[in-house]
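Computed from the coordinates by the stated procedures, all read-outs in this text should not be read as laboratory data. This is a predicted model, so every value here is computed, not measured. For neighbour counting, all protein chains shown are included, and Cβ atoms are generated from backbone atoms with ideal geometry for every residue, glycine included.
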Amino acid sequence: MKNISVFARRAAAAIGIAALALTGATFGNANAATAVQARPGQEAADGAVLVKRVATAGGTLEVFEGAAPRQPAGVRPFSSHGCAGSNPSVCLTIQGSGLYVDHMENDTYISRAGGIDLQINGPGGVITDSGWFTASAGHHYWYWWPQDYVTAGYYCATAYVGGGHEGACNTVHN
């Protein structure tokens, strides 16, 4: 996977973001599971607080606040990571090998509390969308767990904060 960081509007133009919140039937495994066993509002052992969890046919989607939640052991080769911006600062991490993706993470940092909307976008448009929620200052993590083979192409983590947005993108390929 090749690491490319760009502004979200450039990514949106490149991949033609569509308004398809919480979809991704062609991207994932309906039996996807997560490594963090916290319930919304409950603090995990590592200090992360699960804000929201949504299970869809395309995988399990999660938003965390605070410390980064513990990841499963056995990071696959060819995983990638890239960041863009300063406030918000957005990072996209893709863990997998070739076209197999265990999970993607949108790690967004904001310097003050306010409304935020986190997304992960792919070649077909929006794969996951947290929807707007009120967030405290700090790091916020939005996960997509397809645990399956995905379509080759350009994937982006995007954060909308107030009147602005930022994004970081990576290419998934063989």
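Length gained on full extension, SER86 to THR134, computed as 0.36 nm times the residue gap minus the Cα-Cα distance: 15.3 nm. Inter-label distance, LEU99 to ARG53: 3.1 nm, where each label sits 7 Å from its Cα along the C-beta direction. Per-residue extension of 0.36 nm, minus the Cα-Cα distance of ASN174 and THR151, leaves a gain of 7.3 nm for this segment.
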